[in-house]
Amino acid sequence: MSTTTPAIRSITARAVDAPISRPVKNAFGVIRSAPLVLIDVVTDQGLTGHSYIFAYTRLTLKPLVRLIEDLGRDLVGRPIAPFDLMTEMDAKFRLLGWQGLVGMAVSGLDMAFWDALGRAACQPLSVLLGGSSRPIRAYDSYGAIDPVADEKDLRRSLDQGFRGIKIKGGDGDLDNDERVVKAVRGLIGPDIALMLDFNQSLNPSEASRRIDRLAPYDLHWIEEPVAAENLAGHARVRATSPTSIQSGENWWFPRGFAEAIASAASDFIMPDLMKVGGVTGWLRVAAQAEAASIPMSSHLFAEARYLV
Ligand code: MN
């Protein structure tokens, strides 16, 4: 362990398309594999900080690799001080904006920087940041399901110890949503949390109509009922919703969350490490959530949940 801040020796990125065991069907299609970009930041002490980002589609893999490596070349020799580097990136991209591949690339680099700092300190990052390694509550996440065909999988999730199940809706009409939610609630019983994700597929009026009809099934949250950018729509739905609203996986960087929280858009938030500005952005959003008494969980990157 060294007391000097490690510096960046090199940054490389690789594209992989990882198979997933259970394809995820949502309101807009089916995700059959996970196109990932793996990022390695080698330090002057010979340690490597690792991270990955989820490209959603193979189309963005090559541009992301190129962007990360080009950005990385400019950073060779710099001390790994993530807050300083984020300030520098913010200036570099202020006129372009965070949303899209730029924000994903910067977030991925930031995650690898923090990982390198954890390795240099011989500590899990959660411990380095003042937290602890501990068990966390987890739910098993499903796509749009068929309660009959998927019954075995659902039972296996419960056997594995999950105390919550998330499913997707909005791929059909309200009757279909109700049929599926009712069947899953019947199958998992009253003590398991059940969440429904609409993946931004509804308009505010339709969202309110569906949420009202689904109230008897004690949903723990309704996720992204309307377009992520539609903060006023979120707030409108939330104002009359008998069920808590969850959102945030598509809000970009801490300023995006500041806007959403100021708009009273959601009861819960779930930043995506790759869209929130990596660990640096995550910490800043966690502070906002704590101050506003908004429970926070993570989108996709389950390991981020250990950070706060
Ligand atoms: Mn979601």
Report task. Mind listing just one residue for me: the one in segment 222-240 that is surrounded by 17 or more Cβ atoms within 10 Å (Cβ to Cβ) and part of a loop (DSSP other than H, G, I, E, B) and, of those, nearest to the ligand (Cβ to nearest atom)? Result -> 224
Report task. Name the one entry in 289, 260 that is more than 25 Å from residue 145 (Cβ to Cβ), within 16 Å of the ligand (Cβ to nearest atom), of a type in the set (A, V, I, L, M, F, W, C) and open to solvent by less than 10 Å² (accessible area, probe 1.4 Å). Result -> 260
Query - Residue within segment 241-256 that is out of contact with any helix residue (DSSP H, G or I) (no Cβ under 8 Å at 6 or more places or on another chain), more than 28 Å from residue 50 (Cβ to Cβ) and not polar (S, T, N, Q) present - result: no
Query raised in the report: Looking only at segment 90-108, which residues are under 16 Å from the mean Cα position of the chain (by Cα) and part of a helix (DSSP H, G or I)?
Result: 101, 103, 104, 105, 106, 107, 108
Report summary line: Reported set for segment 61-88 where residues are open to solvent by 70 Å² or more (accessible area, probe 1.4 Å) and assigned to a helix (DSSP H, G or I) is 62, 66, 73, 83, 84, 87
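Within the group 118, 172, 161, which residue is at pLDDT 95 or above and away from the ligand (no atom under 16 Å from the Cβ)?
Of 118, 172, 161, the one residue that is at pLDDT 95 or above and away from the ligand (no atom under 16 Å from the Cβ) is 118.
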Query raised in the report: How many of the residues in segment 263-286 are away from the ligand (no atom under 15 Å from the Cβ) and under 22 Å from residue 116 (Cα atoms)?
Result: 10
Query raised in the report: Within segment 24-60, can you find the residues that are within 16 Å of the ligand (Cβ to nearest atom) and in a strand (DSSP E or B)?
Result: 24, 25, 26, 29, 30, 31, 34, 54
Report summary line: Conditions (1) under 13 Å from the mean Cα position of the chain (by Cα); (2) within 13 Å of the ligand (Cβ to nearest atom); (3) open to solvent by less than 40 Å² (accessible area, probe 1.4 Å) -> residue 253 fails only (2)
Query raised in the report: Here are some conditions: (1) under 25 Å from residue 177 (Cβ atoms); (2) at pLDDT below 85. Residue 21 meets all but one. Which one does it not meet?
Result: (1)
Query raised in the report: Say we look at segment 17-60 and pick out the residues that are among the charged types (D, E, K, R) and within 24 Å of residue 202 (Cα to Cα); which of these is most open to solvent (accessible area, probe 1.4 Å)?
Result: 32
Report task. Give me a count of the residues in segment 250-307 that are touching a residue at least 60 places away in the same chain (Cβ under 8 Å) and polar (S, T, N, Q). Result -> 1
Query raised in the report: Does residue 208 count as in contact with a helix residue (DSSP H, G or I) (Cβ under 7 Å, 6 or more places away or on another chain) and modelled with pLDDT of 95 or more?
Result: yes
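The values are calculated or read from the model by the stated rules, or taken from the named source; none is laboratory data. Note that this is a predicted model, so its numbers are computed, not measured. Neighbour counts run over all protein chains shown; Cβ positions are idealised from the backbone, glycine included. Please note that ligands, DNA and RNA were not included when accessible areas were found on the heavy atoms of the full protein model with its side chains. Shrake-Rupley method; radii C 1.70, N 1.55, O 1.52, S 1.80 Å.
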